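What follows is a set of notes on a single structure, which appears directly below.
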Amino acid sequence: MAQEVRGVVARAKGEPVAVRTIVIPDPGPGEAVVRVQACGVCHTDLHYREGGIGDDFPFLLGHEAAGTVESVGEGVEGLEPGDFVVLNWRAVCGRCRACERGRPWYCFDTHNAGQRMTLDDGTELTAALGIGAFAEKTLVAAGQCTKVDRQVSPSVAGLLGCGVMAGIGAAVNTGAVGRGDSVAVIGCGGVGTAAVAGAALAGASRIIAVDLDDRKLRTARRLGATHTVDPGSGDPVAAIRELTGGHGADVVIDAVGRPETYEQAFYARDLAGTVVLVGVPMPDARLDLPLLDVFGRGGALKSSWYGDCLPSRDFPVLVDLHLQGRLPLDAFVTETIALDDVEKAFARMRQGDVLRSVVVF
């Protein structure tokens, strides 16, 4: 029987979000209903509200979530009611050319639930990133549920569902940071700070955090940065080079995604170094680099989508590292809030006052 729950809905471009009654259908084949226990407030949700991702309003927001499986549909294997899970927005298909070549983190045919949740008047909702977890319960594809150790706090575990995984993965998976490497991270919001933590986890010897906000730089220090650079005080490329013996960093991660920050990342890396773009560019952003420099500097220019993660592989490992005290995921949680406070959390996010606000149910 369909259930009614409370959820946060973006009704039109730029309008404040509202808590509305949401109808959750019974799970169909390959689907699951999850009772949400916590969900982080991510910039992506604000982009949905502002119409920056699409215009298929109304949106049911929220996607950085953890909770307990309540029910599963026909044909679901390896998942059952009572399992504690982190939700992910890329359920791999197992059949596309990437999956068949043993690279499922590049899956070209990821999927979401087939049914749509609705408002109580029958209006169909578009779930943010196929999840829609600013709600007491949500309907997802079973493959979007990754089981992890239930000892972890839901408010911490849910952050792996998007921003924290994107940052850690940019360093560990895409950038392949290794022991003794030098790393620079440009932009120290949630994703950039997670990249700092990922570089520390991988054993980087020098981790340079770059940001205009002193508060973010202090947080980056707590998560593993060995040096900080304020680009408002001078050329960040020169500063990164000075801190790396004049050579540049082995890996430079652009967690902003603007042409000017990408150019800084390009020239702040060592010869044959790696640039990783994990910040999401605006659709109209363009880049102008001398092709001779691209050729002459060698190395690799990479993009990192969702940290090139495979949730079934990465989420349980990162949760275990946190429980062992080796990955301080709780440092990303600035505050816990109620479902009715999401709009206020968006305002604090814009002002740079929080790393992550987390809705706790």
Of ALA225, ALA128, ALA300, the most mobile residue in a GNM of the chain (C-alpha springs, cutoff 10 Å) is ALA300
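In what sequence, highest mean first, do 89-96, 314-321 appear when ranked by Cβ atoms within 10 angstrom? Present the calculation step by step, with values, prior to reporting the outcome.
Details: 89-96: 17.6, 314-321: 19.4.
In decreasing order of mean packing, 89-96, 314-321 become 314-321, 89-96.
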Partner lysines whose C-alpha sits under 24 Å from that of LYS137, ignoring same-chain residues fewer than 8 away, are LYS147, LYS344
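Calculate for the chain the 222 nm mean residue ellipticity that helices alone would give, adding -39,500 (n - 2.57) per DSSP H run of length 4 or more and normalising by residue count, nearest 500 deg cm²/dmol.
Values: 11 runs with 91 residues, N = 361.
Computed mean residue ellipticity for the chain: -7000 deg cm²/dmol.
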Rounded to whole angstrom, the alpha-carbon centroid of the stretch 270-286 lies from that of the stretch 2-64 at a distance of 30
Which residues qualify? For GLN37, with a placed amide H closer than 5 Å and at least 5 residues away or on another chain, they are ALA66, GLY67, THR68
Carbon/sulfur accessible area of the chain, % of total, 1.4 Å probe, equals 49
Scoring only Lys, Arg, Asp and Glu (+1, +1, -1, -1) among other residues with Cβ under 12 Å from the Cβ of ARG356 yields -4
For the pair GLU100 and SER205, the simple spin-label estimate (label points 7 Å beyond Cα toward Cβ) gives in nm 4.5
Inter-part gap, Cα centre of the stretch 74-99 to Cα centre of the stretch 118-180, in whole angstrom, is 12
Taking a crude spin-label model, label points 7 Å out from Cα along the C-beta direction, the ASP55 to LEU79 distance in nm is 3.3
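Where only protein heavy atoms count, and the probe is 1.4 Å, what is the accessible area per residue for the chain in Å²?
Numbers: 15400 Å² over 361 residues.
Ligands and nucleic acids excluded, the result is 43 Å² per residue.
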Net charge near HIS47 (other residues with Cβ under 13 Å of its Cβ; Lys, Arg +1; Asp, Glu -1) is 0
Straight-line reach check, LYS302, cutoff 18 Å on alpha carbons, 8 or more apart in-chain or any other chain, hits among aspartates and glutamates -> ASP181, ASP250, ASP254, GLU260, GLU263, ASP270, ASP288, ASP293
Exposed GluC sites (Glu not before Pro) being those in a DSSP loop with at most 16 other Cβ atoms within 10 Å, the longest stretch of the chain free of them is 78-361
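Peptides 37-43, 348-354, 267-273: what's the order by average Cβ count within 10 Å, highest mean first?
Values: 37-43: 25.4, 348-354: 14.6, 267-273: 20.3.
In decreasing order of mean packing, 37-43, 348-354, 267-273 become 37-43, 267-273, 348-354.
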The chain: antiparallel bridges as % of DSSP beta bridges, rounded to 5, reads 60
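The values are calculated or read from the model by the stated rules, or taken from the named source; none is laboratory data. Values in this document were obtained by computation on a predicted structure and should not be read as measured data. For neighbour counting, all protein chains shown are included, and Cβ atoms are generated from backbone atoms with ideal geometry for every residue, glycine included. Ligands, DNA and RNA are excluded from the accessible area calculation, which covers all protein heavy atoms including side chains. Shrake-Rupley method; radii C 1.70, N 1.55, O 1.52, S 1.80 Å.
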